[in-house]
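Following: one structure in structure tokens, then a few remarks.
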Amino acid sequence: MKRLPKILAIVLALLAVVYLCLEAYPRQKSTRDSIQVKDWQILWDTEGSAAAPDAPPERVLQSPDWTAMHEDTLPPARPAGAEWAWVRLDIPQLSWTIPAVMMQKVYGRDVMVYTEYRELFDAHRQYRYSMNNLLLPLRTEDAGGSIYLRMKINETRPGIIEDVAFGNFYELLNDYLNQDLLDVMLGGAFVLTGVVMLVCAMFLNRTYMKSWLALCFVILSIGLLVISYSPFLFTLYPAYGGVLQRLFDVSLFTLLPSFLYFFQAIFGNGYRNVVLHLSRIQLVYSSFCLFLLVGNVWTDERYFSLYYLLTTTVLGVLMIVELFVLLTCSVFYSLQRNKDAWIFNGGLAVFAGIGVFELLQYYATQEQYDLYWWKWGMVFFVISMIVVLGRRFAETHNQVLQYSKELEMFNNELQRAEKMEIISELAASVAHEVRNPLQVTRGFLQLLGERSAVSDKAYIDMALEELDRASGIITDFLTFAKPGAENVKSLSISEEFRHIEGVLKSLASIHHGKIVLDIEPDLYVRGNSSKFKQAFINMIKNSIEALPDEDGKITIQAVRENGEVVIQIRDNGMGMGPEELKRLGEPYFSNKTKGTGLGLMVTFRIIESMQGTLTFESKKGAGTQATVRIPETTS
Ligand code: ADP
Ligand code: MG
């Protein structure tokens, strides 16, 4: 959440830059010292033929049917059988050293331009892209005459010509080149990004591959779409016009399935796998369209109207359905507070908003409007997709890190547990075997001590002391336990503690302390009685050893809580600091001169084996509280 303002700031800055670029761009044109022409005349020619005349024929020049037209008005309806249209423009005063005329939109696949006496331009296109962007030099003596355009109108584009300006050739050239350069740059940037991402894909591992490749193809096809939709390349490389148009179709066919695939890879299959099904349908349909494209090229566009119906009209409907479904899914995910969905939706909303606005404009102006802003919406949307993918990668990466950390922790834990198992098995059996000979030796040493000389008595005392230390180790381990005695049964807590109290009462009074029992009746746990006693004796012994010199008190409380028996052992002894608390249960950790550091290790193991937990709370100087939780059973 803290990063949100930063992200917002970046997005706003980007928007501002884009806006400024766009603002600066059209203004350039209006500063030109040129004459904009908005009025001309139009004539439908029913007698025109494919053969181009060298100059406008007499019947055209003299025709009474010329209709005056303004830039904003539509031409008169095309009469039946009229394939050709003529447009006549009056040439104004040409005061420039190299005068020229620029017509930014001239619709027609075959276009010829004349003055009364000579031909200025002649182009025939073998492909269906009817927009021409013309810049034609004139002579000063052409002033006062007219320009005649002859166009073959195949499509129902009604505008015929737009944006006509007379001016200085070099200034117009500047505009002419600038016009759609932005498109090519934008598209080129997308294509480059896509290619770079494709190259990077070689180094990616498989988990990322799917979404990455999908995004690569989305970006690549968007780039190619933008480039091949722009009139710039058609003007610059007229010979490749056909290729460009096919490129447009192919990019559209690849864009849709890869976009769906990307969505599916990021957000899943959607409600009832609808996204999955859609992406499969689209993949099949796109392949079908590709097949049609090949067929269309093969048959020399003989069945173009069918091709157009299937690859443009039907595809358009499919596209709208898909967008609607994706938008619904994505809004749904956003409602579930999926951050990726928010980002994705933001991008999509900008894109869709601009797209809808422009389409409305397009229909409102009776298909005169040229879609322009949608590209910037696209930029926004692509950025949002990259961000979503990047976030996905980061998330996966973090997850892997997390897993490896956990794995390491489990591994350590396992190793520790194994070590403990071996140590305690071994130690318990050794201790058990050693106890008897030790006791016998102690008895004989005591006997010897009573009889020996005073000088020897000191040595014998030392020997006795060392023997006691050895037996202390054994006591911590197995006061009651015999190795392998796995006699598990239901234990009565109050009974066990009565026994334990009996064992430890005298030890407590030696340390000037007393033991207080507060045990709820009828508490039972499952376990081995000897081991249970062993565990609590070790703990209570520690408490006794920590007691102050007077008024020591140890409270043992047992209650029932949520199906567990909770046993608390509290003392008012010397307590422990956090460092010590952390090390409790570690073998051989002891702060006592004669300590073994084994007592709590054994205790932890026993409690664990009863599916219980043991926690300590303590403060230096204030006492200690140990809490044991063991699942309760019935008697
Ligand atoms: P030992 O008693 O032989 O030292 P333990 O494993 O029983 O070994 O205990 C380890 C250490 O934990 C003790 O040395 C002591 O410092 C500390 N300790 C355990 N219980 C208490 C307690 N109730 N009060 C203060 N310190 C304690
Ligand atoms: Mg101890």
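By the gyration tensor of its Cα atoms, with a ≥ b ≥ c the square roots of the eigenvalues, what is the shape of the chain: rounded for a/c under 1.5, prolate for a/b over b/c, or oblate?
Details: a/c = 4.74, a/b = 4.12, b/c = 1.15.
Verdict is prolate for the chain.
For a test of the definition: using alpha carbon positions, the gyration tensor, and the 1.5 limit on a/c, classify segment 446-570 as rounded, prolate or oblate. Numbers along the way, then the final one.
Working: a/c = 3.47, a/b = 1.81, b/c = 1.92.
It is oblate, given that a/c is not under 1.5 and a/b is not larger than b/c.
Return the FRET efficiency for the residue pair His277, Tyr303: r is the Cβ-Cβ distance, R0 is 30 Å, and the value is rounded to the nearest 0.05. Can you show the working numbers first?
Working: r = 30 Å, r/R0 = 0.99.
That pair, His277 with Tyr303, gives E of 0.50.
How high is the FRET efficiency between Phe288 and Asn398 when r is their beta carbon distance and R₀ equals 45 Å, given to the nearest 0.05? Could you put the intermediate results ahead of the total?
Values: r = 42 Å, r/R0 = 0.93.
Taking R0 as 45 Å, the efficiency between Phe288 and Asn398 is 0.60.
Once you have the Cα-Cα distance between Lys210 and Asp33, take 0.36 nm times their residue separation minus that, and quote the gain in nm to one decimal.
Difference between extended and current length: 58.3 nm.
Which length gain, in nm to one decimal place, applies between Thr634 and Asp456 when the Cα-Cα distance is subtracted from 0.36 nm times their residue separation? Kindly include the intermediate steps, with their values, before the conclusion.
Numbers: separation 178, 0.36 × 178 = 64.08 nm, distance 5.86 nm.
Separation in residues times 0.36 nm, less the Cα-Cα distance, equals 58.2 nm.
Using only the heavy atoms of the protein chains and a 1.4 Å probe, how would Leu177, Leu426 rank by accessible area, largest first? Don't skip to the answer; put the middle values down first.
On the way: Leu177 75, Leu426 110 Å².
Ranked from most to least accessible, the order is Leu426, Leu177.
Once you order the gyration tensor axes a ≥ b ≥ c over the Cα atoms, which shape class does segment 179-381 get: rounded for a/c under 1.5, otherwise prolate or oblate by comparing a/b with b/c? The partial results should precede the final answer.
Details: a/c = 1.40, a/b = 1.37, b/c = 1.03.
It is rounded, given that a/c, with a ≥ b ≥ c, falls under 1.5.
Can you give the accessible area of Arg109, probe radius 1.4 Å, in Å² rounded to 10?
40 Å²
Straight distance only, please: which lysines reach the Cα of Lys533 with their own Cα at less than 16 Å, same-chain residues fewer than 8 apart left out?
Hits, sequence-local ones excluded: Lys482, Lys489, Lys505, Lys541.
Could you tell me the accessible area of Ser635 in Å² (1.4 Å probe, neighbours in place), rounded to the nearest ten?
Ser635 exposes around 110 Å² with every protein chain in place.
Measuring from label point to label point, each 7 Å out along Cα→Cβ, what is the Leu327 to Asn174 span in nm?
Placing both labels 7 Å along Cα→Cβ, they lie 4.2 nm apart.
To the nearest 10 degrees, how steep is helix 169-178 against the longest Cα principal axis of the chain, on a 0 to 90 scale?
30 degrees
May I ask you to compute the full-extension gain from Ser506 to Ser429, defined as 0.36 nm times their residue separation minus their alpha-carbon distance, rounded to one decimal in nm?
Once the chain is fully extended between Ser506 and Ser429, it gains 24.9 nm.
Probe 1.4 Å, all protein chains in place: accessible area of Phe393 in Å², nearest 10?
Ignoring ligands and nucleic acids, Phe393 comes out at about 40 Å².
Using alpha carbon centroids, what distance separates segment 212-263 and segment 342-421, in Å?
That distance is 22 Å.
For the chain, calculate the relative contact order in percent as a whole number, restricting contacts to Cα pairs under 8 Å that are 6 or more residues apart. Let's see the in-between values first.
On the way: 909 pairs, mean separation 44.9, N = 635.
This gives 7 percent for the chain.
As a test of reading the structure, rank Phe357, Phe532 by solvent-accessible area (1.4 Å probe, protein chains only), most first. Spell out each step's value before the answer.
Numbers: Phe357 125, Phe532 0 Å².
Descending order: Phe357, Phe532.
Which FRET efficiency value, to the nearest 0.05, do you get for Arg560 and Glu608 by plugging their Cβ-Cβ distance into 1/(1 + (r/R0)^6) with R0 = 30 Å? Kindly include the intermediate steps, with their values, before the conclusion.
On the way: r = 21 Å, r/R0 = 0.70.
Once rounded, the FRET efficiency stands at 0.90.
Just the number, please: carbon plus sulfur as a percent of the accessible area of the chain, 1.4 Å probe, no ligands or DNA/RNA counted. Don't skip to the end; give the middle numbers.
Numbers: 21480 of 35260 Å².
For the chain, the apolar C and S fraction of the accessible surface comes to 61 percent.
The values are calculated or read from the model by the stated rules, or taken from the named source; none is laboratory data. The shown structure was predicted, so the numbers you read here are calculated from the model rather than taken from an experiment. For neighbour counting, all protein chains shown are included, and Cβ atoms are generated from backbone atoms with ideal geometry for every residue, glycine included. Surface accessibility is based on the protein's heavy atoms, side chains included, excluding ligands, DNA and RNA. Shrake-Rupley method; radii C 1.70, N 1.55, O 1.52, S 1.80 Å.
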